């Protein structure tokens, strides 16, 4: 990440891609309304970040 402009372009591109997917693909996919689906949708980003950060922390801890 030596070039901050390239990083900004990548973030913009992936943000636009996610927006297009949400707008055009999400109406095609029908997800039933239930409490379990809401919990999965709300808690999955937190769980994914916790796993990724713990893996990163373990990697830093093992190098020392």
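Here are some notes:
- Enumeration of residues in the range 21-39 that are in a helix (DSSP H, G or I) and loosely packed, with under 10 Cβ neighbours inside 10 Å: 23, 24, 25, 35, 36
- Selection status of residue 42, surrounded by 10 or more Cβ atoms within 10 Å (Cβ to Cβ) and either over 19 Å from the mean Cα position of the chain (by Cα) or at pLDDT 90 or above (or both): no
The values are calculated or read from the model by the stated rules, or taken from the named source; none is laboratory data. Because the structure is predicted, anything quoted here is derived from the model rather than measured. Positions of Cβ are generated from backbone atoms using ideal geometry, with glycine treated the same way; all protein chains shown enter the neighbour counts.
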